[in-house]
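A short reminder: the numbers here are calculations on the coordinates, not readings from a lab. Computed from a prediction, not measured in an experiment: that's the story for all the values here. Methodologically, a virtual Cβ is constructed for each residue, glycine included, from the backbone with ideal geometry; neighbour enumeration extends over all protein chains shown.
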Amino acid sequence: MTQRVALVALTATMLFLGVDTAVAGGIGSNGEQAEQTSGDSSGPLLESRVSFNVKGSAPSKDSGPITSTAVDWEPPACWYEPYWKAKDFKTYTEANWSIYDSVGGAPAGVADDKARYKGGRPYKDFNVDKNDEGMWWVAVKNPKMEDDPAAGNCKRDPFWVDNGKDPGVPQAIDTETLAGLAHQRTVVPPTEISMAPNGRSTVNAPTWVWLDEGAFKPVSVTASLPGTGLWATTTAKPVSLHLDPGTADAETLPASGECLINDDGSIGEPYARGKGERTPPCGVRYLRSSGDDTYGLEATLTWEITWEGAGGTGGDLPNGTFATTTEVPVQEIQSVNR
């Protein structure tokens, strides 16, 4: 096999496996042949085995992920998780070493890795004599944050952890990690508000806004890591509605624009004949006509998020928001049904 053909085979193998030679044992991170591989010893390249299960409102084309209200919080960009049984790790890594040799890799290029994983510094023969007693842990990236600079912060080489032992390293996966990942994958339905008048508002007359009871149900996302007993479930519940009229020539009702959820799960109050003289508990009052245009009334629903996980863990996570805009034409002539 020529060196060029062998390099093509190496690249194809790495793409098929979804990993990089550097992650599988560091090949390419410290030898003269580094430029011949796509290796980056600082980059976690394995695909996480975390799985997700969603319960709640069925997503529609207008559904979308929530946006965290906390500016100082974000889900983990990378972490360490148990990945390989000892025998599997040995088979995979030695296969990579063989490919490396076949493309003319110098012995120095894998010397440190062979010493680390096979030669007893600190591991002997990949710990195959402890195959059922632990796992090799590796770095993985959050697939939703691959371009985030923080995704490159998990730089440890694969390391061994005995079953039931604390990995003892920062960013090792735990239930809180899983909760953050579940938070990031919370998708909620669009905030489709009810309005009166429906279709066209009138200058200086209040426009009633409400959400009916049961319009929005809790959404739960469970993140779990198979074979470990680790899981976390987040639950998002709607708690308030914020209105932005889409123009400075308007006022919100209440003045804060924040309409709290009622005891029955509804928000605001439906308009009915005879309420024309009342001020709605949730709504807007436009002070100027939109002319031939419309105002974009933005309704943002805030979702309170809590979580629970394996081992009795749990707590609160930052609230999430999701906004939907309704185009509202506003006319000059006041005409209110009473």
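Here the range 90-110 and the range 236-310 have alpha carbon centers that stand 63 Å from each other. Rounded to the nearest Hz, the phi-derived 3J(HN,Hα) couplings of the range 266-272 under the Karplus curve 6.51 cos²θ - 1.76 cosθ + 1.60 (θ = phi - 60°) are 8, 10, x, 9, x, 6, 9, where x marks glycine and proline. A cut-off of 5 Å between modelled amide H atoms, ignoring neighbours fewer than 5 places along the same chain, links LEU46 with LYS141.
When peptides 160-169, 191-200 are ranked by their average number of other Cβ atoms within 10 Å per residue, the highest-first order is 191-200, 160-169.
Straight-line cross-link partners of LYS124 among the lysines, defined as a Cα under 17 Å from its Cα and at least 8 positions apart when in the same chain: LYS85, LYS87, LYS90, LYS114.
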